[in-house]
1. Roughly how large, in nm² to one decimal, is the mean projection of the convex hull of the alpha-carbon atoms in segment 77-116?
2. Starting from the amide H of residue 66, placed 1.01 Å from N in the peptide plane, find each other amide H under 5 Å away whose residue is 5 or more places distant or on another chain.
3. At most 16 other Cβ atoms within 10 Å and a DSSP loop assignment: could you name the GluC sites (Glu not before Pro) in segment 54-137 that fit?
4. Given Cβ point charges of +1 (Lys, Arg) and -1 (Asp, Glu) and nothing else, what value in debye, to the nearest 20, does the dipole of segment 15-131 about its Cα centre take?
5. For segment 15-131, go through all pairs of different Cα atoms, get the mean of 1/r, take its inverse, and jot down that Kirkwood value in Å.
Amino acid sequence: MNKRVRKKLGLPWKQKHNIMLKTLKLSRKKHVNSEWYALRYSLMPMGENDYRILNNEYWNEEMQVSEYSYATHWFIALYCFNRDNLRILTFPCSSDGSSTTISPVRICDYVHPACKATVFQDFEKVKQQILNDSFWD
């Protein structure tokens with residue numbers, strides 16, 4: 001990222017990629033007609049059960065550490081791409097929205113949905129699962 005943008009945010013990021021900042025940039029009005037556009041996003045704290053299951057899922061036996069041991073929050077975003085396709089992406093990240101990788105751990109695709117309201121409802125369901133600490137079950 002630009003040095004100027006880092007200065008504006010104040011503290012340096014904890015990890016290499018700031019997913020939240022990239023999503024904020026894609027949610028601006030000038031990106032509405034571009035290929036990728038962020039409709040909604042949310043940064044939510046991770047529950048103890050989800051944290052434990054996520055670390056067990058991505059455990060590296062050779063290095064004796066999990067890929068997402070730094071993760072304390074979930075960042076979920078609803079993206080629109082190619083104007084018709086909607087996608088809900090879920091990222092584990094630290095408290096400032098940064099991550100060591102830009103790869104999501106869960107992707108929900110909606111190709112040419114009949115009604116966007118159903119996709120927004122699914123986005124809210126994912127948020128409720130995170131609040132109930134039952135997202136990764």
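1. Numbers: hull surface 13.2 nm².
Computing the convex hull of the Cα atoms and averaging its projections yields 3.3 nm².
2. For residue 66, whose amide H was placed from the backbone, the distant partners under 5 Å are 60.
3. On the way: sites: 57, 61, 62, 67, 124; in loops: 61, 62, 67.
Those satisfying the criteria are 61, 62.
4. Details: 14 positive and 12 negative charges, 164 e Å.
The dipole of segment 15-131 has a size of about 780 debye.
5. Values: mean 1/r = 0.0668 Å⁻¹.
This gives a value of 15.0 Å.
None of the figures in this text is laboratory data; all of them are computed from the coordinates on show. Nothing here was measured: the structure is a model prediction, and the numbers come from that model. For neighbour counting, all protein chains shown are included, and Cβ atoms are generated from backbone atoms with ideal geometry for every residue, glycine included.
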